[in-house]
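The next block holds one structure in the form of structure tokens; read it before the comments.
The values are calculated or read from the model by the stated rules, or taken from the named source; none is laboratory data. All figures in this text were calculated on a predicted structure; none of them were measured in a lab. Cβ atoms come from the backbone with ideal geometry, glycine included; neighbour counts cover every protein chain shown. Only protein heavy atoms, including side chains, enter the accessible area calculation; ligands, DNA and RNA are left aside. Shrake-Rupley method; radii C 1.70, N 1.55, O 1.52, S 1.80 Å.
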Amino acid sequence: MTAVWDGELYAANTAHHRRFDDHVLAGLAPPPDGTVLDLGCGAGDLTRRLVGLVPRGRVLGVDADPSMVRVAAAAGGGPEYAVARAQDLRGAVPDASVDLVVSTAALHWVPADEQALVLAEVARVLRPGGTFRAELGGAGQIAAARAVLDEVSREHGGGAGPWCFPSPQEYAPLLAAAGLGTDGGWLRLVHQRRSMPDADALVGWLRSQVLIAYEPALEPASRASFRAEAERRALAALRRDDGTYDQDYVRLDLLARRAGEQEALRSRG
Ligand SMILES: C[S@@+](CC[C@H](N)C(=O)[O-])C[C@H]1O[C@@H](n2cnc3c(N)ncnc32)[C@H](O)[C@@H]1O
């Protein structure tokens, strides 16, 4: 069973992601009449900004969760949306139809053994020479929060957080196998302090996008107790000396490119 999202609750708790959207978008320049795909678009905050990159083109937001897509579509602003899993976009996105794939805070929700499927889909939908710009949780992501939440989850019969937080060393061969090259781009871990200014912000973050990751592994009867105890212990353990609940994020940050026609022909000999 996968996490169940509440699109409206999520939309009210994404400020810690939005502060890094400029970083993700910096330097991206698809053709003005091109097509941009936001993979795991959530409530569509970044998706709406992508419209400015392709004033005569098309923006498509895709997400596995219908509640997210509903909220994103209701906000309008130009993009089209579809419900689809990143592991299989065939019903939503044709081959070689996209100039730029962007993905923020989404791909660590895909199990480690399905990451290759996602990257194969990214390569399939990109035109030759197209760009893949992504950031996702990387090795070391929210370590302090996970230590608390994993412990509470185990006490309630569950397991560790199910996310896939890869290192660059683990991800590089997957990108290469999909035909996504980082020459001229990058693949690196970026350490960030993300703002959770007060207890309400921490609880909003936990409820909208963190505790839902643990719940599928818990018996339904244990979930309310897990939530209450997880929030209580997180509030006690994660308060910083300056009074904030800021979290240490470690992101796998990448810019890759699908090989162009000429490069593809050369590499085939
Ligand atoms: C933390 S939200 C990020 C949303 C958005 N990109 C943003 O920056 O606000 C993670 C999103 O990834 C989506 N997601 C998780 N697994 C997915 C999958 N296999 N395929 C597509 N979307 C997925 C979730 O439904 C959720 O909307």
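Can you name the condition, by its number, that A230 falls short on among (1) among the hydrophobic types (A, V, I, L, M, F, W, C); (2) outside any strand (DSSP E or B); (3) open to solvent by 20 Å² or more (accessible area, probe 1.4 Å)?
The number of the failed condition is (3).
Residue under question is V122, and the condition is that it be free of Cβ contacts under 8 Å to residues at least 40 places away in the same chain, crowded, with 22+ Cβ neighbours inside 10 Å, under 18 Å from the mean Cα position of the chain (by Cα) and within 27 Å of Y249 (Cα to Cα); does it hold?
On the way: free of Cβ contacts under 8 Å to residues at least 40 places away in the same chain: no; crowded, with 22+ Cβ neighbours inside 10 Å: yes; under 18 Å from the mean Cα position of the chain (by Cα): yes; within 27 Å of Y249 (Cα to Cα): yes.
Against the criterion (free of Cβ contacts under 8 Å to residues at least 40 places away in the same chain, crowded, with 22+ Cβ neighbours inside 10 Å, under 18 Å from the mean Cα position of the chain (by Cα) and within 27 Å of Y249 (Cα to Cα)), V122 does not qualify.
Can we say R146 is farther than 20 Å from H17 by Cβ, of a type in the set (D, E, K, R) and assigned to a helix (DSSP H, G or I)?
It is false that R146 is farther than 20 Å from H17 by Cβ, of a type in the set (D, E, K, R) and assigned to a helix (DSSP H, G or I).
Hey, can you tell me all the residues within the stretch 96-136 that are over 20 Å from L187 (Cα atoms) and assigned to a loop (DSSP other than H, G, I, E, B)?
If the condition is that a residue be over 20 Å from L187 (Cα atoms) and assigned to a loop (DSSP other than H, G, I, E, B), then A96, S97 are the ones that fit.
Which residue is farthest from Q209 (Cα to Cα), if the candidates are limited to the stretch 102-117 and must be without any contact (Cβ under 8 Å) to a residue 40 or more places away in the chain and within 12 Å of the ligand (Cβ to nearest atom)?
Checking each candidate, the answer is L117.
I'd like to verify a number: residues in the stretch 157-194 that are in a loop (DSSP other than H, G, I, E, B) and either open to solvent by 40 Å² or more (accessible area, probe 1.4 Å) or modelled with pLDDT under 95 (or both), how many?
Adding up the residues that qualify gives 3.
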